[in-house]
Each structure stands twice: as structure tokens, then as C-alpha cells.
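Quick notes on the structure that follows.
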Amino acid sequence: MDDPIVRDGDRSFVGINSYLEPETLSEGYVQDAQDMRMDGERAKVRGGWDFQAGLTGISPSYTYSAGTDQVWGTGVYSDPDDGNKEWVVNATRDKVILWNQTEQLYVNYYSVGIADSDVSTANDTFTESSNHSLQTGSAVRVTTDDTLPSPLAVDTTYYVIKDSDTVFKLAESYANAIAGTQIDITTTGTGNHTFNETVDSTANPTIVQGFNQVFILRYKARPLVWDGTIAATGDVVDSQFVSLSNTATLQAGGAGTGDAFPSTDYGIHFRDRLWGIQPPDVVTPTQAVKGAQTVIGSDLLEPNNVTPTESEFYMNQGSADWTVGFSTYQENSLIVFNRRSIRMLTNVHATSISENYPITTRYGCAARRSIAQGGGYIFFLSDEGVMTLSSAQDSVTGMGLTVSKLQGGTEPLSKSIQEQVNNIDYTESLVKSACGVIHDNKYYLAVRLTTDSSNTTVFVYDIINQAWVSKDTYPSGIENFQKIIYNQKIRLFATLPTGWYLMEENAGLDDTNRTVGSDSETDTVAITAKLKTRNYTFGTNAIKHFQRVKLGVNVVSGDAFTVKCNSTDPDITKTVGSYTATGTEDLALNYGSRQRGYSCNIEVDVTAGSPEFRYVSLSGTQQEQLGRREVS
């Protein structure tokens, strides 16, 4: 008699588990998915990038220059005074580009002009007849309409030493500016010289909105602030970004009673206060020590006034556990992510009753931009993989949740793909650039693997299905994610030094090889995706004869893919079929395999388009007597 036909397969697709043996996976889980999306229990090629930084028609036109004038930092500005518009804020060297779906504008950084007659070689000073508004520690770049004073050079960042409201000097470094060590000016140059606030590669800027103001926080340079007024002449906003004073000030213009907000590269705005990290090489206001791992909070409604006794919080002072980033929690709590631990500050609206306590010392956060909050969970990248924080169980009953308390996960959220996450390059200077975001009920995490040159790999976690659903590869490294309203819906953008891309947009294609200001599409790259099922065993350890593959798929014209059977014991890979769609169809494709082995998986390699896979099944026969036996 013929052997009975047996079948195995997946009626839907839920997520990836590459950690367990592929023979032990539950139905719906695959062992590998690259550039796919398992959504609604179907697997579909991810949507591609669509470049949005062309700046069509904007004047003056933008000229991109790698390493000189590129996007150094991004954020979002929400303007309640202009129809509730939202803008992606892009900080370049000489100006900020504001972009949304319908408008593009420039916001200049502050600049001051000095005639050669106002340059003193005897005092190494530059004098402006009115208030020059530059601050000690401000980063500037110098240009001229003729000849620069010697030894100043173009395309070089200098740091300001403020002598008075009208007189300033220049230093070669931020440390020299703070120490008052100026550059020896040997000639006055000729013509008119312009000293322009600048954001360069060393600034590592963070863009923060506080009320209607937008702050650019810069490492070793004074924070820049813009009043958020969109009124423009042509495409250039009438107001500018200017440096916060290096002495404490109040919003109304009066003198502050404490210290100025620090020259730091990271912060958030929370509970009407600007929060930042005290730079490790700058002394703290109260104890005058360096490397104190200090969190600084401004006064309420006063971003450039820090009252030391009310606004300094020391995180593991005396240890090498430095502060990385923040996340908000409930109404008045701030979670502080350190490199080796996580702590919480409570009641930050009234620091006299604030408390500072540890959440976990088992692990910390490897990258501040990986921190993303979604519902009751906070996602972030640690040295152990992707971890979460969530509300703690009641300590007395062990039941329910104590929403005022947080607990760290006991095992990585990334456990099911841990061997892939372990390939992240954890070199300190590289891993800190990883970035994450919650969008459309998914956590996107852009990282640099040991085989990558930048953050070109994105792991995607589906919060609804509670499963990792794809490992994506993009043509260029992602620096950050931003979300704004686009086509009446909140959409996700990937921001890069070369521009910004609308994600999940193009079917089967990535728009690439373009830079800010490039209005013509120069190149698109087909997304090559892969889906590799679990290993089917038909529920026994016997050797089988695999005979036929059945695949349910929806296609449109141009979709193309190949189907492989990968048997185990013996290990054989065989291409059993390929398909190129000529129209829109819902298909049930059948391919013969005729392979033998203990188990077999089905691999689908997409070479063009964006086909959608509904199910896969494998049929065959099994014969116990054909299985291998131990003979003694």
C-alpha cells in the first residue's frame, strides 16, 4: 500500500524566534524574516523609504557638504500658534531647516558683524558698537568679505570669551574659552568679518521643545534657543536661534538667582522644567566637582536659571556609572537611565519632597536615543539586549500592579532573537548612536551590527502580537526617528546626516543616494526580503520524503520571488520554483520538492515588489523503517 500523506505548515505568520531550535517552534513562528512585516497574521515585504529633503523651491537653495554642512541633529516642533502645525527640525552647521508636508523654512543662527577697524591685535579683541549677544563658550565660525584676521581660518570652529556686552575674544577650544585663554590675533584682516553661531560635528546636539521655545543643546557650547515664531521673509524666518546667557537669566530678561543651564548635549522638557546632564568635565554648581553624574533641572518656567539646592540630583557620585538619558513616568517622576543602572526621581515638580531611588543595578542603558515609551512599557537597549520597564507587582500580595513603582524585566525582551542582537557592535563610541521609537504599535530599533558601518539594521517588535517581526536592512545608517502629521496621519520619518525619509511608503523600493537639497530622484533600490519558516517534522523523528510545497500569496504585477526547500539530515537546499506576477492575483502555488530528510523548512526569497504571504504547507510521507537505527 502507498504510504499515507502527512502535512505540516503555518496557516498564518506571527513573529520570529531564532533563539530556539527551528524544529520546536510553535505554529505561526518563523526562524528568520528579513525586511518583512508580519502584520494581521500575514507576512509582507516592508514598505520602502521615500526621500523628503528635496527642499523644492526654497531660497536660498541648500548645498549639502558631507562632514561640513549636513544634518547634525533633529527634533520636532509643534506650533500651537500656527494652525497646530508640526515641523521636523533639522540642525545643520549654519542654520536650521524646518520641514513639513507643505512648507520648508530656514531659521538662522545668530551672527554678529565686525569691521577690520574694530579688531585689536594688542588686546586680541573684537568690538561691536551695540550688544553682540555672544556668550562665553558659544561656538562660532568666521567668514569675511575680504581677508580674515590672522591666524583665523574658514570652516573652523572657535569658542567665544565674552569680555563685555560689546567686546569678545576667541579661543581654540571650549576648555580654553572657559579658562579665558584667547587666540593671539596678529593681524586685523581686511573688510568686514562675520561671526556666526554654529552647530558642528562635535556638538552632538539634542533638539528640545519647551512651551513655544525650541532649544538646541550642544556639548561644550552654549545652548541655542529660538522663540518659535514662524513669521518669515520669503523662506527665512525673521527670528533667530541665539545663545542662552552663560549667567543665569529669567524669561522676562532679568537676572537669575542661581546658575545658568549647563552646556550639555542632552535634555528633555518635563513638568515645566528643562532637564539636562551636567557635563562630566565641568564642575557642579554646589560641590564644584567633576564627573559627579549629575542631573540638572531648571527652575519652573525658567530654563536658564538653575537653583543648586533645589535642582541638582547626584546619580551614583564617585562611580563610573554615568548618566545616559531620561524618560518621563506618570505625572511627576523622571526615570534616569545610567550606563550600569536605572534610577527614579519622584516629585520633580517640588524638589523639596523629591526622592531618588534605584530601580535596578543589574543593567543600564547603552544608548539614550533607544529609549521609547509605549503604554505602560519603556523600551531601551542594554548590554543584555532590549529590555523593558513596567509597573511593578504589589509587594504585599504579589497581585495586581503598583503603578507608582517600576520594575526591570528579568529577561531581555529580545530573547527570541538574542543571537542576532548579540551581533550589535557594543563599542562604546558606536553603540550609543542606536535609536528607537514607538510607532503604529511597533518598537523600531536602529542599530549597528559588527558587520555594519552605521545604523543600517532595524529590529522591529510588534507590541500587539508581542513578537519580533522583522530584521530590516536599509541603504544608509539611521541617526534618529521623528514623527509628525503627514497626509492627515502621524507618520514615521528616519533622519540621516544626508536628509530625512518617510518610512514604510514605497512598495518594494528604497529611495536612496540623495542628499538635502537634491530635488531629483537619482536611484532606487529593490528591497530583497526573506522569509524562512520553522522546520517541519510532521510530529515525528522519522526520516520523511518531502513531496510538495503549497504557498498562499497575494501579488501585483512585477512581484517576483523564488521558493526553496531546505532539508535537514541530510542537509540539502533545493530551489523548487519561482514566480513573477503579471497582474493582481490571490494565488495558491504548488511546487514539487522530492527531498528526503528528518525536517524541512521553506524559504521564500523576494527579489522584486511586495508580495503578501498568507500561509505555507509542506506534504510528504514518512517511513519508520527508512529511518536510521542504532545497531549494536
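Each value in this text was obtained by applying a stated rule to the coordinates, not by laboratory testing. Predicted model only: the values in this text are computed from it and were never measured. Virtual Cβ from ideal backbone geometry, glycine too; neighbours counted across all protein chains shown.
Spin-label pair N513-I464: with each label point 7 Å from Cα along the Cα-Cβ axis, the two points sit 3.7 nm from one another. Extension gain for K290-D184 works out to 35.2 nm (0.36 nm per residue, less the C-alpha to C-alpha distance). At what distance in angstrom do the alpha carbon centres of segment 279-342 and segment 1-36 lie from each other? Using only Cα atoms, the two centres lie 49 Å from each other.
Extending 7 Å from Cα along the Cβ direction at D227 and again at T24 yields two label points whose distance is 6.6 nm. Note on K415: lysines with a C-alpha under 26 Å away, same-chain residues under 8 apart excluded, are K44, K405, K432, K442, K471, K530, K532.
Using every pair of distinct Cα positions in the chain, the Kirkwood expression returns a hydrodynamic radius of 27.4 angstrom. The relative contact order of the chain, computed from alpha carbon pairs under 8 Å that lie at least 6 residues apart in sequence, is 16 percent. With K and R counted +1 and D and E -1, the other residues having a Cβ less than 14 Å from that of I268 yield a net charge of +2. Per residue, the chain reaches -500 deg cm²/dmol at 222 nm when only DSSP H runs of four or more residues are counted, each adding -39500 (n - 2.57).
Remark: K290, K442, K544 ranked as K290, K442, K544, counting other beta-carbon atoms within 10 Å and listing the fewest first.
Ranked by how many other Cβ atoms sit within 10 Å of their own Cβ, fewest first, the residues I16, I490, I463, I58 fall in the order I490, I463, I58, I16. Taken along the Cα-to-beta-carbon direction at a fixed 7 Å, the label points for L300 and A175 span 4.1 nm.
Taking K and R as +1 and D and E as -1, what net charge do the other residues with C-beta under 9 Å from the C-beta of H349 add up to?
The answer is 0.
Would you please classify the overall shape of segment 111-197 from the alpha carbon gyration tensor, given that a ≥ b ≥ c denote the square roots of the eigenvalues, rounded means a/c under 1.5, and beyond that prolate means a/b larger than b/c while oblate covers the rest? Rounded shape, in that the Cα axes give a/c under 1.5. The GluC sites (Glu not before Pro) of segment 508-610 that meet both conditions, a loop assignment by DSSP and at most 16 other Cβ atoms within 10 Å of the site Cβ, are E521.
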